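The values are calculated or read from the model by the stated rules, or taken from the named source; none is laboratory data. Just so you know, these numbers come straight off a predicted model, no measurement behind them. Ideal geometry is used to build each Cβ from the backbone, glycine not excepted, and the neighbour counts take in all protein chains shown.
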Amino acid sequence: MNEAFDANTEEGRRLLLVEAEQVVMGALEQYSQEIDRIHFIQISDHITYKLESNNGESFLLRIHTETLAPDEIRSELTWLEALAHEGITVPLGMKNLQDEYVTEVVTDKGRHWLVTMLRWIEGDHEAGEISENQVKQMGSLMARLHKASQDFVSPNGFKRQTWGVARFEQDFAHLQKHYRAFLSDEDFELYQQAAGKVIRHLGELQPSPNHFGMIHADFHEGNLVFNEGKPYLIDFGRCGFGYYLYDMAEAFIGLHPLQRQRFVEAYRDIVQLEDDAEAQLETFFIKALIENQSFHAANPREKEELLGQKRYSLALIRHYLSGELFLFNRISM
C-alpha cells in the first residue's frame with residue numbers, strides 16, 4: 001500500500017521518489033560503507049533500495065513511514081538479533097557512525113525521515129511454482145521461528161504492534177472506505193458477515209506462550225528468497241505479537257490446498273499443533289485475506305489483481321460463513 005507514503009497517484013509517486021533520493025544520499029553520509037551502486041526496489045511498507053559496496057558487500061536500505069516510532073524500528077532489529085542467535089539466517093541491522101541502528105535524515109522540505117540499513121540476504125525469488133520440498137522447508141522455517149519466539153523474552157522498551165482484534169477492526173474500516181474498487185455492495189455484505197465471525201472467534205481465544213508471541217506476520221513468497229533450494233526470510237517490517245496460527249494462515253494465502261498440507265506436516269515435525277487447529281486456521285486465513293485486500297484496495301495499481309481474485313475470495317468467504325472446511329480442500333466457485 002503506497003497510501004502511507006502518499007504515493008497512490010503517478011505524480012505523488014514521482015515526487016516521493018525525488019525526495020527519497022535525497023534521503024538515501026543523506027543517510028549514506030552517516031554510514032562508513034562506501035557504496036558504488038544504488039538500485040531502487042519498491043514502495044510498500046517502506047521505500048527500499050539495494051546498495052552495493054566497492055568490496056562486494058550488499059545491503060538493504062529502508063526508508064520508513066512517518067507512522068513508525070524509532071523504538072518500534074529498534075525493536076524489530078532486536079528481534080532479528082534474537083533469531084540470528086537461534087541460528088536462523090535473517091537480515092541483521094547495521095549501525096551508523098553514531099553507533100545507532102536508526103538514522104534520521106532531514107530533507108530540504110524540512111521532513112524528518114528514519115532510515116535503516118541491513119545486511120543483504122543472497123538468494124532469488126522463485127520464478128515458477130514452488131516445489132513440494134520448498135514448501136516443506138518453508139513449514140520448517142516457520143516452526144523454527146515460532147520455537148525461537150517461545151524462548152524470546154522482550155527487553156525493556158521493546159515495542160511492536162499486535163496483530164489482534166483492534167488492528168483487524170482498523171484494517172476493516174480502511175477496506176470499508178475503498179471496497180468499491182473491486183467489490184459490489186452485495187459482495188461487501190458477505191465480507192462484513194465474515195469479519196463479524198472472525199472477531200467473535202478471536203474473542204474466544206486465550207493467548208498463551210505456546211500459541212501467541214512474536215511472529216513474522218507477512219510470510220509469503222514475496223518475502224522469501226531461495227538459495228540452493230533453501231528459503232530465507234528477507235522482510236520483517238510487519239513483525240509483531242500475534243497467534244502463531246495467524247502467521248501460518250498468512251503463508252497459506254499463496255499456497256494451494258495440497259501445499260498447505262505439506263507445509264503443516266513439516267511444521268508439525270518441530271512444533272505440535274492443537275486438535276482444533278484447522279478451525280482456528282480458517283478464521284485466521286479469512287482475517288489475513290481481508291487484511292491483505294484492505295492493504296491494497298486504495299492503490300489503483302492493484303485494482304486489476306483484486307478483481308482477478310474476487311470470485312475465489314468470495315467462494316472462500318461463503319465456505320467460511322457456512323462452516324464448510326476449505327483450507328485443505330479444492331472449492332468450487
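Got a number for residues in segment 144-167 being under 17 Å from the mean Cα position of the chain (by Cα), outside any loop (DSSP other than H, G, I, E, B) and surrounded by fewer than 20 Cβ atoms within 10 Å (Cβ to Cβ)?
So the count comes out to 2.
Pick from segment 280-319 the residues that are touching a residue at least 60 places away in the same chain (Cβ under 8 Å) and among the aliphatic types (A, V, I, L, M): which of them is nearest to His201 (Cα to Cα)?
Ile286
Please work out if Asp124 is surrounded by fewer than 16 Cβ atoms within 10 Å (Cβ to Cβ) and of a type in the set (D, E, K, R).
Numbers: surrounded by fewer than 16 Cβ atoms within 10 Å (Cβ to Cβ): yes; of a type in the set (D, E, K, R): yes.
Here the answer is yes, as Asp124 does meet what is asked.
Run down Ala195, Ala217 and say which single residue is of a type in the set (Gly, Ala, Ser), under 27 Å from Glu324 (Cα atoms) and in a helix (DSSP H, G or I). Reasoning before the result, please.
On the way: Ala217 fails: in a helix (DSSP H, G or I).
Result: Ala195 is the single residue among Ala195, Ala217 that is of a type in the set (Gly, Ala, Ser), under 27 Å from Glu324 (Cα atoms) and in a helix (DSSP H, G or I).
Out of segment 206-225, which residues are farther than 25 Å from Glu278 by Cβ and at pLDDT 95 or above?
So in segment 206-225, the residues farther than 25 Å from Glu278 by Cβ come out as 222, 225.
Answer for segment 206-225, where residues must be farther than 25 Å from Glu278 by Cβ and at pLDDT 95 or above: just Val225.
Out of Gln206, Gln192, which single residue is surrounded by fewer than 17 Cβ atoms within 10 Å (Cβ to Cβ), more than 23 Å from the chain's Cα centre (by Cα) and closer than 27 Å to Glu76 by Cα?
On the way: Gln192 fails: closer than 27 Å to Glu76 by Cα.
Sole residue among the options that is surrounded by fewer than 17 Cβ atoms within 10 Å (Cβ to Cβ), more than 23 Å from the chain's Cα centre (by Cα) and closer than 27 Å to Glu76 by Cα: Gln206.
Looking at segment 47-58 only, could you name the residues that are closer than 30 Å to Gly12 by Cα and either free of Cβ contacts under 8 Å to residues at least 60 places away in the same chain or surrounded by fewer than 19 Cβ atoms within 10 Å (Cβ to Cβ) (or both)?
Ile47, Thr48, Tyr49, Lys50, Glu52, Ser58
Just to confirm my filter: which helices (runs of 4 or more DSSP H) fall fully inside segment 222-325 and include at least 3 residues that are in the same structural domain as Trp163 (by TED's automatic domain parsing), more than 30 Å from Leu61 (Cα to Cα) and of a type outside the set (Asp, Glu)? Give the steps one after another, and end with the answer.
Working: elements: 244-252, 257-268, 277-297, 303-322.
Once the helices (runs of 4 or more DSSP H) in segment 222-325 are filtered for at least 3 residues that are in the same structural domain as Trp163 (by TED's automatic domain parsing), more than 30 Å from Leu61 (Cα to Cα) and of a type outside the set (Asp, Glu), what remains is 257-268, 277-297, 303-322.
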